[in-house]
Amino acid sequence: MAAPSAMTFPALSRLRAYNTAPLIALAALFVISAFASPYFLQAQNLLNILRQVSYSGIIALGMTFVIISGGIDLSVGSMMALVGALAVLTLNGTGGTTWSIALAVGVAVALGSALGFANGIAVTKGRIAPFIVTLGTMAIFRSLTLYVGDAGEFRSVSSLYGDLGMSTVLAVPTPVWIWFLLAFLLDVLLNRTRYGRYVCAVGSNEKVSQYSAINVDRVRLWTYVIAGLMVGVSSILLSARLNSLSSTNFGKDFELDSIAAVIIGGTPMTGGRGSIWGTIVGAIILGIINNMLNMLGVSPYLQGTVKGLVIIAAVLVQRKL
Amino acid sequence: MTDVLLRTEAITKEFSSVRVLDGISIEIRRGEILGIIGENGAGKSTFIKILSGIYTPTRGKVFLDEKEIALRRHADAKRAGISLIPQEFNLIGDLNVYENIFLGNELRRASGLLDKKAMIRRTGELLAGLEVQIDPEAKIQSLSVAQRQMVEIAKALAYDSRLLIMDEPTTVLTKREIDLLFQRMRGLKERGVTIVFISHKLREVKEICDRVMVLRDGAFICLEEAGALPIDEMARRMVGRELSQVFPAKRAGDGQVALRVEGLTVPGVIEDVSFELRAGEILGFAGLGGSGRTEVAETILGIRKPSRGRILAGEQRLEIRGPGDAVRAGIGYLSEDRQGSGILTAFDVVKNITLVSLKRYLHPLIDRHREQEAAERYVDRFSIRAPSLETRLEFLSGGNQQKVSLAKSIDSEPRILIVDEPTRGVDVSAKQDIYRFVHELADKGISCIFISSELEEIIGMCSRVLVMKGGRVAGQVEGERVSEEEIMYFATGVKGIV
């Protein structure tokens, strides 16, 4: 029979637009910024942008998994404060030596994962909508941080810790290296392992996944653990950078920034697919926009407005693709 | 007024330069029931989507009452009196019947508030006109599939539809419901409504339609009086070649018991179901809709938890707590609900096929190359028509989706395969392909449970048939006794347990 290649495929030629659109936006933004300000292209400025977005960017990597699986995690910002607070307390309590830094890192990573696990258990075993669970834990984690810190600051006694936060490797800030390294690992996890495939499947259709012998609850649970783990890493890097953290402000708006990076990076809120490198691009886009607004002297109070508009515009553009 | 309601002139549709509909020019007569038949991918759906404004044609014109009309969106078609009743209904389960019927078109009082009374009354009239007993205030969720279909029709009539397009309305209905639907369709026809009817069931097309159009590979083949077109001739024109015998020769199992189910009970769902499945056997599961056939499969897969009973493979008792355990125990399942629990429409062909069996492609990361090779083999073997292996399944026709779904359920190399309505919504030649694959699997010693509402295929495929009724096995027919009458006796309770 003459091969009619069967029915076709209005979106075939558009399939890849999902992946390239954020990259095109980044390139355009880059060119515009280069013309708008002579300082933009200076290496120090570019590295600054990368460092600034790396903290929420690391969390956005975990958020990518959560969103692909069809969930959301609003608690990451508060969780970051609680985890960072306990890490700094550990650091101070053990004398601020190299070993206590290692211990603090361990505490942050373990605690972040544990809090993520708690979120995941409430979502899967408790059968509560992720939005509600993490809205609740967002309030809980922040309140616990305020309580422990008496609404004040957690100051690290270790100057070594601060040095770590300021450090660079080959002139590139350490957090940026860690961000890219984690992105590489999570990209492999997402695209080359069974778990990653299952995350997409679960986000795409839970019932089909269940019938396809996928342990849906376990897959979803682990996305929250990954998110928590990333929060742990990020809270260490940022608290080291500042060598202190404020119980009221630390991690504030990080849920917004990380979700925004994921969405701008082309991962749909409805889940089912997504891209780690897209999220990186999304975070950098946000960083460049902030940078330009600063350079052009736009009031910092207005920057949130711009960020909000960009998120909304990104979703609009996605829908057209 | 002429007797032509709608005329199309050289309707052509291309998707990214692939032509899926090629210059269709036809006339639809006022008050007729026009059947459109063709294989999956022949262009039937594309054609009706153009008539209902969901797609715009690449070239060509549509005339209604000899005036050209522009159908840019679905609303344009509705306004012109053309309604589409899609295969998957567009009803909102949480809303009432009347709320669905007036959705987006609500009646209001002078104050601007909703006029519920008027809407309920009007809904009652519409339903009464269709001679169906449905409470306008019932929630859609609480209605049967057949009732929902009637609500869809009532909704179409609420827009004063002159042309009603029905896309495979009978696939989800039982025989009796189909008879009722046909009565209503004839009633509508008498009221002057023109109907376009799409179905894979040629016997139905023959029964209900005045004229039949055949499409093949996007091209117009013929448009003839239904009376002048015997069923085998319809099939021949659809396929473009002679269909050999539909069913392969029957085969019996080789005696060894592959799966034994004893006293399986899920309270309120299935009751004391026991049977044996032999190696290489194709065991039929017949029964009316809701008789518990799918539920037995779901219990074997561990999706439903039995309160009693056990499942044994050989002498070994199987502990199945979920589909994962079932796969490990060598049980594969082809779901009856293709889009709801069978395939991931957003995944491509490769990723669907390897979803259950992904473990086999780890090295330790996923070996995409081997995944591709495996998918290619299935595409060849099942003649799956897809532009590429990276095409998402939502862009494949139903029959090709079903073949991918079958490939998915056998790629884990099960020893026992449960196929549930394996040919639902699939065209003649894809059906034949699927029958052949199931036979080939049985030849290799794989045991198969064949669940179907279509008695014809149960009778054609199975040498032993269990008939279910009310969650129980009502009876078993074997060998020469496998016939439509025998099965229906048990299914309707004339014979066997009552």
Mind counting the residues in segment B:59-80 that are in a loop (DSSP other than H, G, I, E, B) and either over 30 Å from the mean Cα position of the chain (by Cα) or surrounded by 19 or more Cβ atoms within 10 Å (Cβ to Cβ) (or both)?
5
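One line per residue, one yes/no per condition, for (1) within 30 Å of B:Ser405 (Cβ to Cβ); (2) outside any loop (DSSP other than H, G, I, E, B); (3) free of Cβ contacts under 8 Å to residues at least 60 places away in the same chain; (4) within 14 Å of chain B (Cβ to nearest Cβ):
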{"position": "A:Val105", "(1), (2), (3), (4)": "no, yes, no, no"}
{"position": "A:Leu111", "(1), (2), (3), (4)": "no, yes, no, no"}
{"position": "A:Ala122", "(1), (2), (3), (4)": "no, yes, yes, no"}
{"position": "A:Gly126", "(1), (2), (3), (4)": "no, no, yes, no"}
{"position": "A:Val133", "(1), (2), (3), (4)": "no, yes, yes, no"}
{"position": "A:Tyr147", "(1), (2), (3), (4)": "no, yes, yes, no"}
{"position": "A:Asp163", "(1), (2), (3), (4)": "no, yes, yes, no"}
{"position": "A:Leu185", "(1), (2), (3), (4)": "no, yes, yes, yes"}
{"position": "A:Val188", "(1), (2), (3), (4)": "yes, yes, yes, yes"}
Just a yes or no: is a residue in segment B:55-65 of a type outside the set (A, V, I, L, M, F, W, C), within 11 Å of another protein chain (Cβ to nearest Cβ) and either in contact with a strand residue (DSSP E or B) (Cβ under 8 Å, 6 or more places away or on another chain) or without any contact (Cβ under 8 Å) to a residue 12 or more places away in the chain (or both)?
yes
Please go through segment A:265-277 and give me each residue that is over 12 Å from the mean Cα position of the chain (by Cα) and either crowded, with 23+ Cβ neighbours inside 10 Å or among the small types (Gly, Ala, Ser) (or both), ordered by number.
A:Gly266, A:Thr267, A:Gly271, A:Gly272, A:Gly274, A:Ser275
For segment B:314-342, enumerate the residues that are modelled with pLDDT of 90 or more, more than 11 Å from every other protein chain (Cβ to nearest Cβ) and assigned to a strand (DSSP E or B).
B:Arg317
Members of segment B:356-402 that are surrounded by 19 or more Cβ atoms within 10 Å (Cβ to Cβ) and facing chain A (nearest Cβ under 8 Å):
B:Val356, B:Leu358, B:Ile366, B:Arg385, B:Ala386, B:Thr391, B:Arg392, B:Phe395, B:Leu396, B:Ser397, B:Asn400
If you go through segment B:294-301 one residue at a time, do you hit one that is at pLDDT 90 or above, in a loop (DSSP other than H, G, I, E, B) and within 11 Å of another protein chain (Cβ to nearest Cβ)?
yes
Could you please let me know if B:Leu417 is buried (at least 21 other Cβ atoms within 10 Å of the Cβ), of a type outside the set (S, T, N, Q), in contact with a strand residue (DSSP E or B) (Cβ under 7 Å, 6 or more places away or on another chain) and away from every other protein chain (no Cβ under 11 Å)?
yes
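Take B:Ser291 and tell me if it is polar (S, T, N, Q) and assigned to a loop (DSSP other than H, G, I, E, B).
Spelling it out, B:Ser291 is indeed polar (S, T, N, Q) and assigned to a loop (DSSP other than H, G, I, E, B).
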Restricting attention to segment B:69-127, and to residues there that are in contact with a Leu (Cβ under 6 Å, 6 or more places away or on another chain) and among the polar types (S, T, N, Q), which single residue is nearest to B:Thr8 (Cα to Cα)?
B:Ser83
Selection within segment A:295-315 - closer than 23 Å to A:Ile24 by Cα and polar (S, T, N, Q)
A:Gln303, A:Thr305
Okay, strands (runs of 3 or more DSSP E) sitting entirely in segment B:186-276 with 1 or more residues that are more than 26 Å from B:Val172 (Cβ to Cβ) and touching a Phe, Trp or Tyr at 6+ places or on another chain (Cβ under 9 Å), I get B:257-266
For the list (1) among the small types (Gly, Ala, Ser); (2) within 24 Å of the chain's Cα centre (by Cα); (3) more than 29 Å from B:Gly43 (Cα to Cα), I need the number of the one condition that B:Ala128 fails.
(2)
Just checking, does segment B:349-370 include any residue being touching a residue at least 12 places away in the same chain (Cβ under 8 Å), in contact with a Cys (Cβ under 8 Å, 6 or more places away or on another chain), at negative phi and not in a helix (DSSP H, G or I)?
no
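Residues B:Ser405, B:Ser429: which one is polar (S, T, N, Q), within 15 Å of B:Gly342 (Cβ to Cβ) and within 14 Å of chain A (Cβ to nearest Cβ)?
Among B:Ser405, B:Ser429, only B:Ser405 is polar (S, T, N, Q), within 15 Å of B:Gly342 (Cβ to Cβ) and within 14 Å of chain A (Cβ to nearest Cβ).
Here are B:Val379, B:Val419, B:Val426, B:Val404: which of them is over 22 Å from B:Gly324 (Cα atoms) and not in a loop (DSSP other than H, G, I, E, B)?
Answer to the selection: B:Val379.
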Output the number of residues of segment B:307-324 satisfying the condition of being more than 14 Å from A:Ser209 (Cα to Cα) and touching a residue at least 12 places away in the same chain (Cβ under 8 Å).
10
Could you check segment A:190-201 and list, in sequence order, the residues that are within 22 Å of B:Ile320 (Cβ to Cβ) and more than 10 Å from chain B (Cβ to nearest Cβ)?
none
Take the residues in segment B:328-355 that are crowded, with 24+ Cβ neighbours inside 10 Å and among the β-branched types (Val, Ile, Thr); name whichever of them is nearest to the chain's Cα centre (by Cα).
B:Ile343
State the number of residues belonging to segment A:211-231 that are within 14 Å of chain B (Cβ to nearest Cβ), hydroxyl-bearing (Ser, Thr, Tyr) and in a helix (DSSP H, G or I).
1
Hey, among A:Ser258, A:Ser234, A:Ser239, A:Ser143, which residue is over 30 Å from B:Gly340 (Cβ atoms), in contact with a strand residue (DSSP E or B) (Cβ under 8 Å, 6 or more places away or on another chain) and in a helix (DSSP H, G or I)?
A:Ser239
Looking at this structure, is A:Ser33 farther than 26 Å from A:Leu185 by Cβ, assigned to a helix (DSSP H, G or I) and touching a residue at least 12 places away in the same chain (Cβ under 8 Å)?
yes
Here is a list of conditions, (1) away from chain A (no Cβ under 14 Å); (2) in a loop (DSSP other than H, G, I, E, B); (3) closer than 23 Å to B:Phe220 by Cβ, and B:Glu9 meets all of them except one; can you say which number that is?
(2)
Kindly check whether there is at least one residue in segment A:13-22 that is at pLDDT 95 or above and either in contact with a Pro (Cβ under 8 Å, 6 or more places away or on another chain) or surrounded by fewer than 20 Cβ atoms within 10 Å (Cβ to Cβ) (or both).
no
Qualifying residue in segment B:39-51 (condition: on the phi > 0 side of the Ramachandran plot, within 14 Å of chain A (Cβ to nearest Cβ), touching a residue at least 60 places away in the same chain (Cβ under 8 Å) and not in a strand (DSSP E or B))
yes
Looking at this structure, is B:Thr123 touching a Phe, Trp or Tyr at 6+ places or on another chain (Cβ under 7 Å) and either at negative phi or modelled with pLDDT of 85 or more (or both)?
yes
Quick check on B:Ile311: is it part of a loop (DSSP other than H, G, I, E, B) and either in the same structural domain as B:Asp232 (by TED's automatic domain parsing) or hydrophobic (A, V, I, L, M, F, W, C) (or both)?
no
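The values are calculated or read from the model by the stated rules, or taken from the named source; none is laboratory data. Quick caveat, the model's predicted, so the values are computed rather than measured. All Cβ positions, even for glycine, are placed from backbone atoms using ideal geometry, and neighbour counts span all protein chains on display.
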